[in-house]
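Data block below; observations after.
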Amino acid sequence: MRPAPAPGGATPGEAAGGGAGPGPGGGGRDRPGTAPAVHPDTHPGLPAAGRDSGLLGKRIAGYLVEEEIGRGGMAVVYRAFDVKLERTVALKLLAPELARNDTFRKRFAHESRVAAAIDHPHIVPVFEAGETEGVLYIAMRFVPGQDLRALLDREGPLPPVTAGRIATQVASALDAAHAHDLVHRDVKPGNILVAEGTDRDHPEHVYLTDFGLTKKSLSLTGFTTVGQFVGTLDYVAPEQISGKPVDGRCDVYSLACVVFETLTGVPPFRRDDDMALLWAHQYDPPPPLSEERAGLPEAADEVFAVALAKSPEERYGTCLEFVTELRAALARDGRAGGAGGRTSRVRSDVWQPTPPPEPPAWARPVFRSLGP
Ligand SMILES: Nc1ncnc2c1ncn2[C@@H]1O[C@H](COP(=O)(O)OP(=O)(O)OP(=O)(O)O)[C@@H](O)[C@H]1O
Ligand SMILES: [Mg+2]
């Protein structure tokens, strides 16, 4: 969402620090085949995506760097060749600023170990995580295809059936992680990789990536100490914003934001500045899905009201519970959709757990009125 300063130079550390790819929604958008979100002219010092950043052909910790495949606010991802095992990998080099942050280092070490231990068909397998020349790196399976951000930018809202299939795969990955006491904390379209599926019944295979790599817990206010933007705030749960302890239900909230966007083309909350967006996550009721995209059943509104509840206690307990309810609601006829569903869980206080204070002028919605 915001440009971040990028150091020049071509050492591994500097090149990793150059990862600052703000696009619509904040994540990296610059995979081959998609338009670069950051124009080098407007961001001097940042090598254009796909251009030689100085690392191509170089060897980093046993990996031969072949091509830049994407970048986000905190890292650059390369296709690389594992010299020892003779296979292609995705090599992610994290910004040097993160290696200098003790909190991040500790969590990086812990969470990459846990993530590497999870063997799940919808979680990108991590092969190795370590540090070389002051740069933290992760070698993982190279997933050919595109991320969900690029897919949505190209195709707009997806058909409900496709959205349901993608949501189910991500939900199963998240629930598996939660069973290992691992909370993702940064579920967003840029962290959902969509590869070709195996057959007509499974047209796409979806992988979730980047466990525990969010910078949001370091600074949710928008900028880290060196002024780099933390990434998109479109999917962040209210309890993450208020700094309360988080559990798997914060991923339920973020997943619901992502699925909302997959179905409508827009995330549930859109405001013209970050403070207003944070306010909306904490206090504003989500707009009904059926108002954002005609033809979607009203029963789905009720499912999102639960999944996007401000208080984690009011949400679904697992991601698969949310997606199962949603797919059942989407399968119903739009006009008849208001009847049935999880009405028992949808109470008036789900929408506004406590009467919210009147929003100040800067927090008022800009795109549409929130009235019924
Ligand atoms: N294992 C992988 N295989 C193939 N491409 C990948 C892989 N991991 C990441 N990518 C690509 O690299 C891009 C950049 O990833 P990165 O995690 O740095 O950024 P992001 O998730 O979009 O944003 P953020 O910095 O906020 O996390 C991703 O959007 C994705 O397209
Ligand atoms: Mg990512």
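General observations
- A crude spin-label estimate for the pair Ala109 and Glu204, with each label 7 Å from Cα along the Cβ direction, gives 3.8 nm.
- FRET efficiency for Ser242 and Glu313, using Cβ-Cβ distance with R0 set to 25 Å, rounded to 0.05: 0.95
- The simple Förster model, with R0 at 51 Å and r as the Cβ-Cβ distance, assigns Glu86 and Ala331 a FRET efficiency of 0.65.
Where a number appears in this text, it was derived from the coordinates with a stated rule and is not lab data. None of the values given here were measured: they were computed from a predicted structure. In this analysis, Cβ positions are derived from the backbone assuming ideal geometry, glycine residues included, and neighbour counts consider all displayed protein chains.
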